[in-house]
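Participant: My structure is below; once you've seen it, I'll send some questions.
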Amino acid sequence: MTRASSDHQRVALKTATFAAVKAGGGSQAIGEAALTRVGQPMLSLYAATHEDSRFAGIDVALDLDLIADQPFHARALASLQGYDLVPRAGGAASPGAMPTMADAIHLIHEAHDVETAVLEGMEDGRLTPAERRRIKKEIAELRAVLAEIEAKVDAA
């Protein structure tokens, strides 16, 4: 059977799914939070290029794009059909957008990274220069996420 879509086009859809899952906080976080109808194992299969028979359903693709706060799937579909996806004036992509679930998940992950770095550094009762650098790096990444969320709150 010859399909209308090419292998290359289907890989582009897998890539969109992978990007949306990653931007949304990862398949484990999305699955644990039950943010779509499928769990972590299926999200991983939907994003895996070696799994050529399983793709995210359109409702799952929409959920993932909304969680990620970016139209990964819509953009891929438009591009693969020769169209450009352009945001509407005043749409969700415009300044003043509210914080999203992806922001919350990103915050949780970065805070966990700080926690892990601090706890691992405390294990032997002293901080090595490498442990201090790691903790400061994780704190800086957390601050950046907090600043992004604060800017969205201020603009809302």
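Participant: Looking only at segment 126-138, which residues are within 24 Å of the chain's Cα centre (by Cα) and surrounded by 15 or more Cβ atoms within 10 Å (Cβ to Cβ)?
Facilitator: Arg134, Ile135, Glu138
Participant: If only one of Ala19, Ala33 is touching a residue at least 40 places away in the same chain (Cβ under 8 Å), open to solvent by 40 Å² or more (accessible area, probe 1.4 Å), within 27 Å of His109 (Cα to Cα) and small (Gly, Ala, Ser), which one is it?
Facilitator: Ala33
Participant: List every residue pair whose Cβ atoms lie under 9 Å apart, where the two residues are 6 or more positions apart in sequence or sit on different chains, the first residue falls within segment 100-124 and is in contact (Cβ under 8 Å) with a residue 60 or more places away in the chain and within 28 Å of Ala68 (Cα to Cα), and the second residue, located anywhere, is of a type in the set (S, T, N, Q) and not in a helix (DSSP H, G or I).
Facilitator: These pairs meet every condition: Ala102/Gln70.
Participant: Filter segment 139-156 for residues that are open to solvent by less than 70 Å² (accessible area, probe 1.4 Å) and not hydrophobic (A, V, I, L, M, F, W, C); which is modelled with the lowest pLDDT?
Facilitator: Per the criteria, the residue is Lys152.
Participant: Exactly one of these conditions fails for Arg75: (1) assigned to a helix (DSSP H, G or I); (2) loosely packed, with under 15 Cβ neighbours inside 10 Å; (3) in contact (Cβ under 8 Å) with a residue 40 or more places away in the chain; (4) under 20 Å from the mean Cα position of the chain (by Cα). Give me its number.
Facilitator: Result: Arg75 fails condition (2) only.
For every residue, the table says whether it meets (1) in a helix (DSSP H, G or I); (2) touching an Asp or Glu at 6+ places or on another chain (Cβ under 8 Å).
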residue: Tyr46; (1), (2): yes, no
residue: Ser79; (1), (2): yes, no
residue: His109; (1), (2): yes, no
residue: Glu120; (1), (2): yes, yes
residue: Arg126; (1), (2): no, no
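Participant: Please go through segment 57-68 and pick out each residue that is surrounded by fewer than 20 Cβ atoms within 10 Å (Cβ to Cβ) and within 22 Å of Glu148 (Cα to Cα).
Facilitator: Answer for segment 57-68, where residues must be surrounded by fewer than 20 Cβ atoms within 10 Å (Cβ to Cβ) and within 22 Å of Glu148 (Cα to Cα): just Leu66.
Participant: Additional query: Among residues belonging to segment 83-125 that are at pLDDT below 90 and of a type in the set (D, E, K, R), point out the one that is most open to solvent (accessible area, probe 1.4 Å).
Facilitator: Per the stated criteria, the residue is Arg88.
The values are calculated or read from the model by the stated rules, or taken from the named source; none is laboratory data. Predicted, not measured: the structure shown is a model, and the values here were computed from it. Glycine gets a Cβ as well: all are built from the backbone with ideal geometry, and neighbour counts include every protein chain shown. Each accessible area value is taken on the protein alone, full model and side chains, heavy atoms only, with ligands, DNA and RNA left out. Shrake-Rupley method; radii C 1.70, N 1.55, O 1.52, S 1.80 Å.
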